[in-house]
Each structure stands twice: as C-alpha cells, then as structure tokens.
Amino acid sequence: MNGNENDTFSKLILIIDQILSGKRKINPDISGIENCENEKLKELAEKIVFLTEQYRESYGFILDLAAGKLNIDPPHINAFANPFKQLHSDLRHLTWQIQEIANGDYDQCVSFSGDFSEAINKMIEALRERQVLADRNRENEYLFRSIFSTSPDGIIICDLDNHINNLSNAARKMLQFTEDGNDDKIRFVDLIIDEDKGKGHWFFEELHKGTPTVFAELRMLQKDGNWFWSEQHASVLFDSNGHPKGHIIIFRDITERKAGEEQLLKFASDLDESNRTKDKLFSVVAHDLKNPFNALLGFSDILLKEASGNQNIDKIKKYAQILNDSAKKEFDLLVNLLDWSRLQSDKIVVSPEPFDLNELIAYNIGIGNTTALTKNILLQFANPGNYPIITDKAIVNTILRNLIGNAVKYTPDNGTITISILPGDDTYQISVADSGTGITEENIKKLFTDTAHSTPGTNNEKGSGLGLVLCKEFVNKVSGDIWVKSVYGQGATFTFSLKNLK
Amino acid sequence: MEEKDYNFSWDQLGDIDEGRPNLGSKTSVAVYRLMQYTMRAVLEKEYGDEQTRLMLVQAGRLAGREFCRNMLDTSLPLNKFIAQLHDSLLDLEIGVLKVEKSDVENLNFIVTVSEDLDCSGLPIKGVTVCDYDEGFIEGIFSVYTGKKFDVKEVDCWTTGERTCRFSINQIT
C-alpha cells in the first residue's frame, strides 16, 4: 500500500467514523483520489461518498419527519429513507383523513396502518354516529318548528309551573297575543275564564299524576276580554334524562262546534216536543174528538126516529139539546186544537189592538153561562169597570174561554165562579176563582206543561188536557204569566197577568 | 387524452359466476403478473420500451374508464367517490389506496397504492413499472370528473419504495 492509498483509506475511515458518530453534516473529503491508481479503492471511495449523500439526505428527512413537517418532498430513491417514506406516507394520509373528518366527511376509513387505523376508524365511527344523531335531531327540530309554525291548532309550551315559554303562530292569533313575546310570561291558567279555572287546575293535576295525555274543553280568554271555547290536549314534556320539564298543550277553537252542538240539542228538544205534540194530537183526534161524535150520531139517530114516529116534542127537545151540547163541546175542542196546532207551528202572530177587558170578560161570562146555568152555578164578575188595554184580543179571549170553561167543568152544581180584575201599573191581573173540587199539589205541578194531564169534571165531563197548556203558551206570547192557587177540595183560583203592548 | 374507439366492451369479461361456478372470480397475483409481464416482454421486444410503456398506459386508461363506468357510482360527491374507490380497490384486492394530499378546487391529488397488484414485491430495477396503473387512475378520474388528467408514478416498489405514489393533476 503506497502513501496515497494509505491517505485515501484514512479519509474514508474518517467519513465512516463521522457516519457512525451520528454527525448530521458530513463533508466527505476525498481530495487527491484522482491521483490514486487503485481503481477498486477509487470505486469504494465514490460509493462511500454516495452513501454519505444518502445518509445526509435521509438524516434531514427523518429530522423533518420527527419535527412533524409532513408537507415536504421525501428523498427520491434512497434506501436509507424508504421505511421512513412509508411512515411519512401514512402520516400524510392520516393528516388528510383528519382534515376530511374536520370538514364533516365521515365516509373515509384508514386501512392497514396498524394502531393508527384502528384508532382513527373508531373515531370516524363515533363521529359518524354522532353525526347521524345530530342530523336526526336537526330533522326533528325542523319538523317540530314546521308543525309549530304552520299547525292550524294552537300550541303552547309551558314550564312545570305553567308559565308560558312558547306560543305557536296559531296560538298567538287565537289568543290575540303580540309578536314581541311580552305576553308570554303569564301562566297558562290565567288564560282560562274564571268559571273553567277549576277544570284547568284539574287538567294539570292529572298530568302530574302520570296520565299521559289529558283532554278538556275550556273557555279561553282573549286579549280583548272575549273568550272562545277550546278543545285542549296536554302532555308532559321530558328532558333528555327522562325528567318532566314542562307541558305541551295543543288546542283548537271549537266555539262554532259548541254552538252547533247547542243548536243540535235544541233541535232534538224541539223535535221531541214536536213529537209529543203530534202524539197528543193523534190521541186527542183519536179519542177526545171522536167521543162527542158518538153522542152526535147516536142521539141524531134517535132524534130521527122520534121525529118520524110519535112526535113526542119533549123527547125531541131533549135529544136536540144533547145534540147541541155535544156539538158545542166538539166545536170548543176543535177551536182549542186549531189554536194549539197553530201555536206549535209558530203560525200565531201577536196582533195588539186596543179594547176593553170589561167587555171581553162580560162576553165570556155570557158564553160560560150557557153551561154554568145547567149546573146552577153562579158565574159572576166581581168588579166590572173600564179596563182599557192594548194586546192581542183573540189570545186573551181564548185564555178567558178556557179558564171559565174549566171552572164550570170542575165546579159542582150550585157552586160559584167569580171573575175579578186587578189593575196595576200598565198591567192587569185577571182571576177566575171557583168553589170547585180544587187541585192536588202534585197535579198543580203538571197543569201548565203536561198535555196528557186531564181529570174528569164534576159531571164526568171529559177534557183533552190541552186548555191550560194552551193558556200558558198564549199568555207567554203576550208577555204575561199565569199561575194557580188551590187547596184540594176547596176550589181553585187561576190568575193571569197582562200588560200593555204599546 | 382522447378516448380512442377501442374494440372493447365490459361484457367481453363474460359471466364469471356462470363460467367458474367452483373456482370463482379470483386468481393468484402471480398469474396476473405472469400475463402482464410476459405481454410486456413481448411488446418491448416488438415495439421498444417507450412504445410499450405508452401502450400499457393506454390499456390502463381504457380499463380505468370502463371500470369507473361499470363498477363505480359516479353520482357521488368527490369525498364519497374516493371512499368508494378505496373500498373497491380493497375489495378487488388491487391495492390499498391512500390519499396524501388533495386540492379539490384544482383537482390535484397525491395518492399512494400499497401492496399494489402490479409491482409490490418485484425486484428493484431503479425505474417505475406501474404504467398500467397510471392509465387506470387517469381513466377513473377523467370519467368521474369529465376533465383531463396527467397521472405520474413518482415512487414505485421497483425504485426501492415500500409503496407506489402517484401524482394526479388536472390538465388545464
């Protein structure tokens, strides 16, 4: 080995020592190599220099990698750096993944990167699940907001003390609340009218007891003081831990429905009344109206035979009288029936006119006397005078006719019927007092309402039960009233009031 | 790159399930490489190295386009499309695709394919060999985006790397 070779070996050993010592910056000095004649040694020196370059390049790359500098270009074709390039590549991919995740992309996953991929993929899965939940929550919130803002039913959300936290648009409109939300601080029960507050408290007590949904119909107050009927459904709202946090009340305005229901009930009542009227009419027609005809037909047959036979004038007169009585009763009943049926169909229109009650009472006493005299009853007017009035004369006439007719019917032979009139301030009270059989307390209750109620007269006269009901309805038509005082067995006094219909 | 009118259609791959009811649709990597590298050897001999490289890129591009049209859902947004591509390449055991960088606005990417079907485990030659892969990636991206791309293999197993790295850049 000559001196030049020896010097070259020394330089190469120095380079290798520097590499082995881990020195980063190596300056390979192989000056004078060109004078070396040993070709193998020259080749060795050149390769050690190339190796030094690769060492230096990979050293810098690894330091950058260790410092977290991933956005660097890795050495190209460098055997020292290759395993670190794999690491660099994986780290760059993981960084990209994390950036994508940060941007909300949970569709990626990391494959075959050992513990890294397992951790990242678990994180992606957790985030994806959270994202699904968040999306679902957002959808639910959007759905709730849509329902809240567009539902035609009002929605109110209260806390557990029933302070209103939120009102839907429809609720605001129904309750006439402003948009600024200042009205929202009141309690729900304050929106219920006083008469329904008890029901309102019950409403929430039921919820506190654990009833899932409570229903009630309550009248709710509006800002202007008016109220409306509402149908309410309430439920408890729970927080995420399942603890009650408030109430949700959904309600709708049912005022029109309520009015419809009331109207329907009235229709049903009217229909029932109409039905009873019809039944009564049939009953009267079938029985009461038919019976007098039996007398008419029977006695007219006898009269015919008598008239064509022995011409016994007394008998003929007697039968003619019976026929006349029957015809009158039939007529009276027919008149009442016609009046009553006209009343039921609202065809009677009150037509006030001026007249004197004195004359009308006198006229009806005259009519009543035709029957009263057959029972030797004294039918008298206690205080005749001038009693001018403006009212419906025909109606008052019907009332008087019926009351006097009834008095005659229930007064025994030789009794007394007294008609009196009590003038008041623009009013009159007319009484028909008889010394007849009187009326039991039980029957007094039914007198003016029950068309089925009728008791036979003292001479077993039949009635339809229609007269007093007719009187009551007629007297109401002319803004008056009718009542009776009676002790059973001691007669009865029927009184009705009239007022001037100016 | 213009899409030439090659005499190829996806149905030329045939009904593998019907044709291979017992052996199935998969084969060994060695068989695949046997076909590719014998063909490459013949082509290099007949047409030279550079012409062979270009032909392999063109074949890969055609394969990538058909693969994208027939196997991938191109209606997906980019991030979902890349996830789908990753899963597809893994499912078909072609390689493990990893994105290192992406510039979505300019459609520039750096991706790696580890355990690549074409090259992983080959002897180190000092030059890249995944020419077919370059074309394959380019074909997929061009069909998906409707844009033209330049794909270059930067690192390869055959240059001593552990993974193949490709730069994908839109040609503006």
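The values are calculated or read from the model by the stated rules, or taken from the named source; none is laboratory data. Values in this document were obtained by computation on a predicted structure and should not be read as measured data. For neighbour counting, all protein chains shown are included, and Cβ atoms are generated from backbone atoms with ideal geometry for every residue, glycine included. To get the accessible areas, we keep the full protein, side chains included, count just its heavy atoms, and leave off ligands, DNA and RNA. Shrake-Rupley method; radii C 1.70, N 1.55, O 1.52, S 1.80 Å.
Annotations for the structure displayed:
- For the protein assembly as shown, projected area of the alpha-carbon convex hull averaged over all directions, nm²: 67.9
- The phi-based Karplus calculation (6.51 cos²θ - 1.76 cosθ + 1.60; θ = phi - 60°) puts the 3J(HN,Hα) values of segment A:61-78 at 5, 5, 4, 4, 4, 5, 7, x, 7, 8, 8, 10, 7, x, x, 9, 6, 8 Hz, whole numbers, x for Gly and Pro.
- Relative contact order for segment B:11-170, counting Cα pairs under 8 Å that sit 6 or more residues apart, in percent: 23
- Proximal aspartates and glutamates to B:K26, defined as alpha-carbon separation beneath 12 angstrom and excluding residues fewer than eight positions away on the same chain: B:D17, B:D91, B:E93
- Mean Cα-pair separation over length for segment A:348-499, i.e. relative contact order, pairs under 8 Å, 6 or more apart, %: 24
- Taking the C-alpha atoms only, the angle from helix A:197-209 to the longest principal axis of chain A is near 40 degrees.
- The number of Lys pairs in segment A:172-277 with C-alpha atoms less than 24 Å apart, excluding pairs fewer than 8 positions apart on the same chain, is 20.
- Relative contact order, percent, chain A [alpha-carbon distance under 8 Å, six or more residues apart]: 7
- Relative to the longest principal axis of the Cα atoms of chain A, the long axis of helix A:313-344 lies at roughly 20 degrees.
- Mean accessible surface per residue for segment A:1-140, computed with a 1.4 Å probe while every protein chain stays in place, in Å²: 62
- Distance from the C-alpha centroid of segment B:59-131 to that of segment A:1-73: 39 Å, rounded to the whole angstrom.
- Accessible surface, per residue, of segment A:348-499 when the full set of protein chains is kept, probe 1.4 Å, Å²: 46
- Listed peptides A:387-395, A:145-153 appear in the order A:387-395, A:145-153 once ranked by packing, highest mean of other Cβ atoms within 10 Å at the front.
- Interchain or long-range residues, amide H under 5 Å from A:N166's placed H: A:I157
- Close amide H contacts of A:T416 (hydrogens built in the peptide plane, cut-off under 5 Å, sequence separation of 5 or more or a different chain): A:L378, A:S435.
- As a fraction of the 1.4 Å probe accessible area of the protein assembly as shown, surface on carbon and sulfur atoms comes out at 54 percent.
- Spatially proximal aspartates and glutamates relative to A:K445 (Cα-Cα < 17 Å; intrachain offsets below 8 disregarded): A:E473, A:D481
- Interface of B with A. Using a 1.4 Å probe and counting protein heavy atoms only, the two chains hide about 2000 Å² of accessible surface, both sides summed.
- Helix A:290-308 and the longest principal axis of the Cα set of chain A meet at an angle near 30°.
- Environment charge of A:W96, counting only residues whose C-beta is closer than 14 Å and scoring Lys/Arg +1, Asp/Glu -1: -2
- With an a/c value of 1.5 or above and a/b not larger than b/c for the gyration tensor axes a ≥ b ≥ c computed over the alpha-carbon atoms, segment A:218-265 is described as oblate.
- Only helices reaching 20 angstrom along their own axis (Cα) with mean Kyte-Doolittle hydropathy no lower than -0.5 count here, and for the DSSP H runs of chain B these are B:29-47, B:131-145.
- Across peptide A:100-108, the average count of Cβ atoms from other chains found within 10 Å of a residue's Cβ is 4.
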